[in-house]
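Asker: Let me give you the structure first, and then I'll get to my questions.
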Amino acid sequence: MSKTRRSGAGALGLLLTAALGGCADHQAGGNADPAHPRLVVMIVVDQLRQDYLTRLRSQFTPSTRSAPGGFRWFTDRGAEFTSAHYNHFPLYTGPGHATVLTGGYPYKTGIVANDWWSAAERKPVYCVDDPTTAHTGVFGGDTEPMSARNLRCTTVGDELKLATGGQAKVVSVALKDRAAILMAGRLADAVVWYDPLSGNWVSSKAYGPQLPAWAAEVNGRKLPDAERGRPWKPLLTSDQMLPFGAFSIAPGGGLERQPQLAFAQAINDKVGESGPGFYKTFTFLPAANEFTFETAEAAVQAEGLGRHETPDLLAISLSSNDYVGHLYGANSHEALDFTLRTDRALGQFLAFLEGWVPGGLSRCTLALTADHGSSPAPEMMAKLGFPAGQIDGQKLASTVAASLSRHFGKPFKGVAGGWALSRLLPQLDAGPSPTVGVVWIEPYLTIEPKGLAAAGLDAELAADEAAKAVAAVEGVYGAWPTHRLLAGQVPPTDLGQRLARAVYPGVSGSVLVVLNQLWLAADPAYYTSHGQPYAYDSAVPLLLGGWGVKPGVYRGPASPNDLAPTFSQLLGILPPSACEGQALAALR
């Protein structure tokens, strides 16, 4: 797909360079004393671990006078924050993307997980569900319409629109709907995400009556279809990648080279699929990141981003890194090769901006981070002798339900999962003495309040007992009733602060559960995952470059939630309503 990009939107950007004289001004600060950057760009690489940028740095594209490079444009010419961590819990895609451009934590943003159980509606809620709106674009299946309805605060984009009377343009692009929406907020001009059943970019009427014309044009080019039948081949052999941490576990224990023939086998076995089934497989290929950047380029050109005296904002999330990380693990050849290919795609996109924006990248402010890290695979760590494992959500909920049944003498039923839960409600409601449902949607246990009321049980007392029961399950570090967290009853530790930042009244469940280090909630589709308050999940890259940025390596504490106030200060606007971050020290 890279050849297609350079002959299409990217080539147009390079031709414009000569016409505009855009490359003449390369010094930080841009044109003579500009008041603000022309374009602010937020790039989130889903599940990009902090250590990838140091382990693989020698393999990244160099940043030169003729080409900006990818990650090294930030590390060589910009500001790198080497001790950046998220300071909230849980560490999932939804809460992470909500934090980046709000500067707020879940207890203020309302995005407490990717999905949760709604006590009021008695059903699971996805973080960007919005039944009051409707789809735009051509979908391949029956999915719920989406918007930022569940986000309880403003974003940088919202504040920029308000501060400029709507003159600033705000655009967000990502394969994942929750990533695109939660970075954008409510007032964005265009927000698009990928439908894996049709291979199309789609949106909702929350962002306009119809799909943006530039997204429809990209859809018409059927770019994912061009990748059908093309296997993913690594840039480096398994021997070459071993020193960078790509390994398998030897039968007798210890680390060894990952078998070359097995590279991306589960994905490559499906690249030749006919019909719409391929569109999901496409999201696991490096070409999916190129596709995301190419679509962002189309948006930049069509919306004229960076060409106005009023600054604009572009948000991009690269979702495929997360898909591959889940499937193969953080120390896999596949995850590391995907990172190298992300670097190349990023470099092409930066070259496009250099040619498109008057003044080049020196008139843009760009940031790059991740929404969370990634846990070492429990299976792998257990083979190496670490105390690691997986918790079965159904078993956990059933264990707690059985304990509550014994304690209260009432029928409790434990259920786990997401979208199928609503089908269990008639069963829970049946009979003169309804069963009380104990619902597990990580990281919350919710004791279904209607059943508690029918059984004449106190909700807080039931939550206290449930917390005791779940805390005794193997692999659980601790469990805290949310009513106690809201009352300020938290441990005097870093974990206590994260717990306090996790709970939004009326949204979070009854009990908040933290697993032991190196333990995960089991998912048959995943080799590993993320979400817990440990360094492997909380430590992420944090890079800043371009207009208004003082280059250097910054080793003090920093967090992605510092990006929202940093952008706000550079743009001269009010920080978002939930913002708790501080402007980063790298500002000029």
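The values are calculated or read from the model by the stated rules, or taken from the named source; none is laboratory data. Computed from a predicted model, the values in this text were never measured in an experiment. Here the Cβ is made from the backbone with ideal geometry for all residues, glycine too, and neighbour counts use every protein chain on show.
Asker: What number goes with the only condition from (1) free of Cβ contacts under 8 Å to residues at least 12 places away in the same chain; (2) within 28 Å of the chain's Cα centre (by Cα); (3) part of a loop (DSSP other than H, G, I, E, B) that PRO492 does not pass?
Answerer: It fails just one condition, (2).
Asker: Can you pull out the residues in the range 252-282 that are of a type in the set (S, T, N, Q), under 16 Å from ASP239 (Cα atoms) and touching a Phe, Trp or Tyr at 6+ places or on another chain (Cβ under 9 Å)? Give the derivation first.
Answerer: Taking the range 252-282 first, the residues of a type in the set (S, T, N, Q) are 258, 260, 265, 268, 274, 281.
From what's left, under 16 Å from ASP239 (Cα atoms): 258, 260.
Passing the criteria: only GLN258.
Asker: Would you point out which residue out of VAL439, VAL415 is at pLDDT below 90, in a strand (DSSP E or B) and not hydroxyl-bearing (Ser, Thr, Tyr)?
Answerer: Of VAL439, VAL415, the one residue that is at pLDDT below 90, in a strand (DSSP E or B) and not hydroxyl-bearing (Ser, Thr, Tyr) is VAL415.
A quick yes/no check of all residues on (1) surrounded by fewer than 24 Cβ atoms within 10 Å (Cβ to Cβ); (2) of a type in the set (Phe, Trp, Tyr); (3) out of contact with any Lys or Arg (no Cβ under 9 Å at 6 or more places or on another chain); (4) over 26 Å from ASP322 (Cα atoms):
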{"residue": "PRO145", "(1), (2), (3), (4)": "yes, no, no, no"}
{"residue": "LEU151", "(1), (2), (3), (4)": "no, no, no, no"}
{"residue": "GLU159", "(1), (2), (3), (4)": "no, no, yes, yes"}
{"residue": "SER172", "(1), (2), (3), (4)": "no, no, yes, no"}
{"residue": "ASP177", "(1), (2), (3), (4)": "no, no, yes, no"}
{"residue": "MET183", "(1), (2), (3), (4)": "no, no, yes, no"}
{"residue": "TRP201", "(1), (2), (3), (4)": "no, yes, yes, no"}
{"residue": "LYS205", "(1), (2), (3), (4)": "yes, no, yes, yes"}
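Asker: Can you report the number of residues in the range 33-67 which are of a type outside the set (Ser, Thr, Tyr), assigned to a loop (DSSP other than H, G, I, E, B) and more than 16 Å from the chain's Cα centre (by Cα)?
Answerer: 12
Asker: Out of ALA585, ALA578, ALA558, ALA539, I need the residue that is touching a strand residue (DSSP E or B) at 6+ places or on another chain (Cβ under 9 Å) and not assigned by TED's automatic domain parsing to the domain that holds LEU314. Which one?
Answerer: Being touching a strand residue (DSSP E or B) at 6+ places or on another chain (Cβ under 9 Å) and not assigned by TED's automatic domain parsing to the domain that holds LEU314 holds for just one of ALA585, ALA578, ALA558, ALA539, which is ALA585.
Asker: Against the definition (surrounded by fewer than 23 Cβ atoms within 10 Å (Cβ to Cβ) and either among the acidic types (Asp, Glu) or in contact with a helix residue (DSSP H, G or I) (Cβ under 7 Å, 6 or more places away or on another chain) (or both)), how does ARG307 come out, yes or no?
Answerer: no
Asker: Could you run through the range 450-471 and say how many residues are among the acidic types (Asp, Glu), assigned to a helix (DSSP H, G or I) and farther than 15 Å from ALA397 by Cβ?
Answerer: Of all residues in the range 450-471, those among the acidic types (Asp, Glu) come to 458, 460, 464-465.
Pick out the ones that are also assigned to a helix (DSSP H, G or I) and you get 460, 464-465.
Retained after the next criterion (residues that are farther than 15 Å from ALA397 by Cβ): 460, 464.
Total satisfying the criteria: 2.
Asker: Restricting attention to the range 200-251, and to residues there that are in contact with a Pro (Cβ under 8 Å, 6 or more places away or on another chain) and assigned by TED's automatic domain parsing to the domain that holds ALA302, which single residue is farthest from PRO286 (Cα to Cα)?
Answerer: Once the filter is applied, the top-ranked residue is SER248.
Asker: Tell me, which residue of the range 93-142 that is more than 17 Å from HIS372 (Cα to Cα) and aliphatic (A, V, I, L, M) is nearest to the chain's Cα centre (by Cα)?
Answerer: Top of the filtered list is VAL128.
Asker: Quick one: is TYR536 surrounded by fewer than 23 Cβ atoms within 10 Å (Cβ to Cβ), within 30 Å of GLY385 (Cα to Cα), touching a Gly at 6+ places or on another chain (Cβ under 6 Å) and hydroxyl-bearing (Ser, Thr, Tyr)?
Answerer: Against the criterion (surrounded by fewer than 23 Cβ atoms within 10 Å (Cβ to Cβ), within 30 Å of GLY385 (Cα to Cα), touching a Gly at 6+ places or on another chain (Cβ under 6 Å) and hydroxyl-bearing (Ser, Thr, Tyr)), TYR536 qualifies.
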